[in-house]
């Protein structure tokens with residue numbers, strides 16, 4: 001828009017200049033015409049019209065400019081205020097001096113024109129005119145007398161001699177023309193200097209009127225195509241009776257000197273009187289011309305003010321528009337350079353600035369995209385890692401954490417970003433060993449290390465393999481470290497289980513095989529030699545062989561148990577009602593010292609499992625509890641159930657809480673490992689087998705001590721409700 | 001009177017009197033000369049006659065000059081009176097066709113030295129002098145035997161009209177008064193078109 005305005009303004013100046021020139025020429029011609037009506041008088045009306053039209057055009061232009069300005073001002077367009085201020089300044093600067101000049105010019109005009117005319121001069125001129133008339137009158141009366149003398153001479157002549165005598169008389173009297181008319185107006189005789197002029201000039205009616213009263217006529221008359229002449233008309237009164245009364249007309253030239261003087265006086269007086277008479281109009285005409293000059297100048301000044309203000313402001317408005325665009329973030333703005341002055345320099349600088357800004361912005365955007373790409377790439381890599389990754393700033397704050405890290409530690413750490421490690425460990429005690437290790441190593445300025453960390457939570461012990469590496473220090477990052485950790489608990493456990501399985505197999509193979517021959521041999525010894533032995537020896541024999549057989553039996557049991565543990569029989573999966581199984585199994589212990597309380601929440605859970613293995617699991621737990629409360633009179637096992645909805649899946653939680661002595665801390669750590677027992681008897685495989693069966697059924701198991709330091713084992717299975725569950 | 005009314009109206013409204021004065025000045029400019037009798041030209045006794053195959057015109061125009069024009073004349077301002085005569089044929093749908101047109105111009109001035117009115121007939125370039133203004137105007141207004149148009153140039157199937165008007169030629173007035181004459185003040189003298197059928 002602003003660019004269009006500039007172009008239009010540039011186009012607009014040429015026609016305007018032409019208009020000004022025409023108006024100026026027209027005005028100067030008009031002023032000439034007012035002054036000297038002969039030269040340009042013919043054009044005066046046209047000039048007046050042209051000027052009026054020019055003024056109307058100017059007024060129209062100014063009106064349109066004013067309208068434009070007002071609409072711009074209302075629209076709060078950039079530069080509108082500046083334009084109006086400039087226009088007002090220009091107009092005031094132009095109007096004030098011109099108005100002053102106009103006022104004084106008018107005063108001079110009024111007084112000047114009035115001072116030309118003076119009553120005394122007028123009187124003197126009138127007197128001069130009167131003098132001229134007097135002088136002419138003297139001349140006229142002389143000529144009248146001469147004519148009367150000629151008439152009296154003619155009266156003496158006979159009519160036949162009149163034409164001949166007339167010539168003589170004319171020559172003598174120096175008249176230009178002598179003519180004698182009859183009563184009926186016919187020409188009786190005539191004599192003229194100009195021979196060609198056969199017909200004499202007839203006297204006008206007004207010259208003949210005095211004759212009727214018997215008087216003569218003399219006057220200064222214009223003769224057709226011959227200028228002023230003295231005309232004398234006198235009656236020719238003949239003394240002869242019966243003679244026709246005739247009329248003599250004599251035309252005399254006015255003496256040249258007299259004529260010239262009289263004409264001069266006449267002309268000047270007429271000129272003066274005309275001027276004096278027209279002076280009011282003359283004043284108005286001058287005032288009109290002056291006013292038109294004033295109005296033209298003013299309007300031109302106003303228009304020029306608009307024009308220059310708009311031209312001056314246009315680049316500023318363009319700049320303002322451009323600046324606004326830049327402020328709104330559009331760096332692609334390029335302004336047209338319309339001039340070579342300071343404004344042009346400003347516009348060029350602005351263009352440079354926006355070009356650089358846009359280049360810088362593009363560069364920043366590119367590097368940001370690159371960084372974001374790298375970041376996304378890293379996040380993808382980190383996200384797909386099964387290892388937990390934490391990055392920690394050099395000041396000990398958590399910077400990034402990946403999904404796997406949260407899964408491994410079971411805590412959503414993404415909300416803790418920016419927190420110091422000590423704060424996080426205060427919030428999550430479980431993580432304390434890991435985080436304090438990191439802090440400790442950092443305090444030692446040791447950033448590259450590898451260690452195994454043990455974490456303890458309600459689910460048991462977790463072994464994490466941690467590796468730390470220092471992050472490079474660069475402009476963008478201030479170093480720090482990255483800690484990668486893996487949960488190797490299951491791995492270690494699997495290794496341990498595999499080792500135990502191997503042990504069991506070997507036991508079965510290496511120990512169980514010789515046991516049967518040993519037992520058989522002992523029984524054979526007993527059968528064969530007991531009867532033959534004397535009393536005391538027989539007693540020893542009996543006791544020894546019985547011990548051997550018993551111990552071998554025990555050994556066999558133990559080996560079988562190991563075999564049981566190491567064996568991984570194929571599960572016979574079916575729909576099992578867990579409550580029913582619980583109740584059935586619990587019923588078997590009704591006669592024992594253990595009181596089993598069932599606190600089960602309906603509906604009954606159905607799970608996909610091997611009923612035999614699950615029964616074995618329950619037996620092991622009940623046996624465990626029985627062992628634990630063996631020393632108590634009021635031994636009891638409370639079994640509670642609870643439905644849990646987690647991540648859209650339904651689970652059944654079962655807790656087995658006895659009132660025995662609970663687990664010691666050492667035992668709790670490795671409770672589910674084989675050969676870990678608090679009991680004096682047993683293989684130490686009970687809970688290991690329980691855990692194995694739970695895991696075979698995709699369940700979870702954990703053990704803890706209650707507040708009263710009783711043992712409590714919790715199981716969780718994925719289950720379906722037998723009937724609808726809300 | 002208008003100026004007075006304008007001023008009183010302003011006073012009643014209580015507006016700035018300066019604007020009122022401005023208006024007053026402007027209105028006075030328009031009514032510069034005191035109102036006098038308007039100059040006039042009455043066209044009478046028009047007649048056409050056919051002689052020797054040429055239509056000739058006779059007419060009588062009574063010119064009345066008002067005080068302004070008479071004073072101007074007395075003060076040496078020459079006046080030019082103009083008679084415009086046209087022979088036209090009216091057409092149904094178009095403007096009238098002009099078959100012939102004549103202009104008769106007369107210069108009228110006062111000769112202060114001899115106290116006579118001089119009439120210049122610009123068509124014949126002959127000057128006449130009169131003691132009285134009426135005589136001079138009579139001379140100008142008396143038209144007789146003015147050849148109009150050759151009868152052969154007329155088409156017999158059409159009806160022709162003659163029309164005539166008498167004006168004071170404003171462009172011949174001194175420059176300062178022309179504007180006032182155009183604005184229709186006492187300086188103007190204009191008759192309407194006087195129209196009659198062209199008959200032999």
(message) Quick check: convex hull of the Cα atoms in the range A:305-375, volume per residue, rounded to a whole Å³?
(response) 67
(message) How far apart, in nanometres, would the label points at residue B:51 and residue A:121 be if each is projected 7 angstrom from Cα along the Cα-to-Cβ direction?
(response) 5.4
(request) Any chance you could run the full-extension gain for residue B:183 through residue B:134? It's 0.36 nm times the residue separation minus the Cα-Cα distance, nm to one decimal. (result) 14.9 nm
(request) Using all C-alpha to C-alpha distances in the range A:240-360, build P(r) with 10 Å bins and read off the rounded percent in each one. (result) 10, 17, 12, 10, 9, 8, 8, 8, 6, 4, 3, 2, 1, 0
(request) Using only the Cα atoms of the range A:525-666, construct the convex hull and provide its projected area averaged over every direction, in square nanometres to one decimal. (result) 14.3
(message) How shielded is B:71-79 by partner chains, expressed as the average number of their Cβ atoms within 10 Å of its Cβ atoms?
(response) 4
(request) Determine the distance separating the Cα centre of the range B:153-175 from the Cα centre of the range A:55-111; give it in Å without decimals. (result) 48
(request) Provide the FRET efficiency to the nearest 0.05 for the residue A:135-residue B:123 pair, computing r from the beta carbons and using R0 = 30 Å. (result) 0.25
(request) Assuming R0 = 51 Å, can you tell me the calculated FRET efficiency for the pair residue A:527 and residue A:469, based on Cβ-Cβ distance, to the nearest 0.05? (result) 0.10
(request) Please report the relative contact order for chain A, taking Cα pairs under 8 Å with a sequence separation of at least 6, and give it as a percent rounded to a whole number. (result) 8
(message) Give me the one-decimal nm value for the distance between modelled label points at residue A:257 and residue A:695, 7 Å along each residue's Cα-to-Cβ direction.
(response) 16.3
(request) Mind grabbing the base-10 log of I(q)/I(0) for the range A:161-266 at q = 0.22 Å⁻¹? Debye formula, identical points on the C-alpha positions, no solvent, two decimal places. (result) -1.27
(request) Counting other beta carbons within 10 Å of each Cβ, put A:417, A:464, A:335, B:131 in order, fewest first. (result) A:417, B:131, A:335, A:464
(request) Express in whole angstrom the spacing between the alpha-carbon centres of the range A:357-380 and the range A:504-581. (result) 75
(request) Report relative contact order for the range B:116-177 in percent, whole number only (criteria: Cα-Cα under 8 Å, sequence separation at least 6). (result) 19
(request) Determine, for B:88, A:187, the number of other Cβ atoms within 10 Å of each Cβ, and report the residues in order from fewest to most. (result) A:187, B:88
(request) Just report the Cα centroid separation between the range A:401-432 and the range A:286-337, whole Å. (result) 67
(request) Find the Cα radius of gyration of the range A:379-516, compare it with 2.2 N^0.38 Å by division, and give the number to two decimals. (result) 1.36
(message) Below 8 Å between Cα atoms, with a sequence gap of 6+, how large is the relative contact order for the range A:155-267 in percent?
(response) 26
(request) Kindly provide the helix-only [θ] at 222 nm of the protein assembly as shown, computed as the sum of -39,500 (n - 2.57) over DSSP H runs of four or more divided by all residues, to the nearest 500 deg cm²/dmol? (result) -17500 deg cm²/dmol
(request) Please work out the FRET efficiency for the pair residue A:587 and residue A:543, using the Cβ-Cβ distance as r and a Förster radius of 51 Å; give the result to the nearest 0.05. (result) 0.80
(message) At q = 0.09, 0.22 Å⁻¹, what log₁₀ I(q)/I(0) does the range B:62-200 have when each alpha carbon counts as one equal point scatterer in the Debye sum?
(response) -0.34, -1.33
(message) Between residue A:70 and residue A:427, what is 0.36 nm times their sequence separation minus the Cα-Cα distance? Round to one decimal in nm.
(response) 121.7 nm
(request) Normalise the Cα radius of gyration of the protein assembly as shown by 2.2 N^0.38 Å (N = residues in it) and let me know the number. (result) 2.42
(message) Please compute the modelled spin-label separation between residue A:81 and residue A:478, points set 7 Å along Cα→Cβ, answer in nm with one decimal.
(response) 4.5
(request) At 0.36 nm per residue, minus the direct Cα-Cα distance, what do residue A:109 and residue A:13 gain on full extension? Give it in nm, one decimal, please. (result) 31.1 nm
(message) Could you list B:193, B:187, B:93, A:46 so that the one with the fewest beta carbons within 10 Å of its beta carbon is first and the one with the most is last?
(response) B:93, B:193, A:46, B:187
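Every read-out reported here was derived from the displayed coordinates using simple, explicitly stated rules and does not represent laboratory data. No experiment lies behind these values; they were computed from the predicted model shown. Note: ideal-geometry Cβ built from the backbone for every residue, glycine included; neighbour counts use all protein chains shown.
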